[in-house]
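Inspection log for the structure reproduced underneath, given as structure tokens.
The values are calculated or read from the model by the stated rules, or taken from the named source; none is laboratory data. Remember, predicted model here, so these are calculated numbers, not experimental data. Backbone-built Cβ (ideal geometry, glycine too); neighbour counts: all protein chains shown. What goes into the accessible areas is simple: the full protein's heavy atoms, side chains included, and nothing from ligands, DNA or RNA. Shrake-Rupley method; radii C 1.70, N 1.55, O 1.52, S 1.80 Å.
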Amino acid sequence: MATPRKKNFSSSPNISEEAEVSVPFDDNIQAPGAAADDNVFIVVFQPDVMTAIVSKASSRSAGSISVTVPERWSGMEVHVYGFCVNNDDRWDEQLKATIPAGEASPSTYIGYGNIS
């Protein structure tokens with residue numbers, strides 16, 4: 001089974017806003033398995049409370065994504081990951097395979113830091 005390529009997150013997560021994490025990204029549309037209508041997600045994990053928050057979907061063309069985290073995480077370290085999900089069944093000529101709807105890419109570690 002083919003796997004859509006992960007998002008090309010272009011920099012470290014921005015954690016300078018209180019209770020928000022954002023990440024800019026490139027559309028990486030030329031990568032095997034990528035499509036303009038893929039959904040992009042980030043996951044923010046806080047290890048002290050062993051809790052993760054998953055963002056709402058953003059489109060590959062949006063260029064950035066953000067998620068609100070609990071205010072009590074202020075000053076705490078978080079780790080940020082990203083991944084993409086394919087919307088529709090589609091043939092990918094570069095992969096020579098069909099990518100099924102709903103298939104997620106492998107996650108990518110984006111970075112970490114302390115929430116403001």
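Quick look at the numbers
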quantity	calculated
Inter-label distance, nm, simple model (7 Å from Cα along the C-beta direction), GLU93/ARG72	5.3 nm
Whole-number percent relative contact order across the range 63-111, with pairs defined as alpha carbons under 8 Å at least 6 apart	38 percent
Size of charge dipole - the chain - debye, nearest 20, with Cβ of Lys, Arg +1 and Asp, Glu -1, no other charges	200 debye
Student exercise, the range 57-116 dipole from Lys, Arg, Asp, Glu Cβ charges, in Debye to nearest 20	120 debye
Carbon + sulfur, % of accessible area of the chain - ligands and nucleic acids excluded, 1.4 Å	49 percent
Candidates PRO32, PRO24, PRO70: whichever shows maximal mean-square fluctuation once the chain is modelled as a Gaussian network with Cα springs under 10 Å	PRO70
Max mean-square fluctuation residue, GNM over the chain, Cα-Cα springs under 10 Å, options SER59, SER105, SER16	SER16
Length released on extending from VAL85 to MET50, taking residue separation times 0.36 nm less the Cα-Cα span	10.2 nm
Length-normalised contact order for the chain - Cα pairs under 8 Å, 6+ apart - percent	34 percent
Gained length - ASN114 relative to SER22, 0.36 nm times residue gap less alpha-carbon distance	31.8 nm
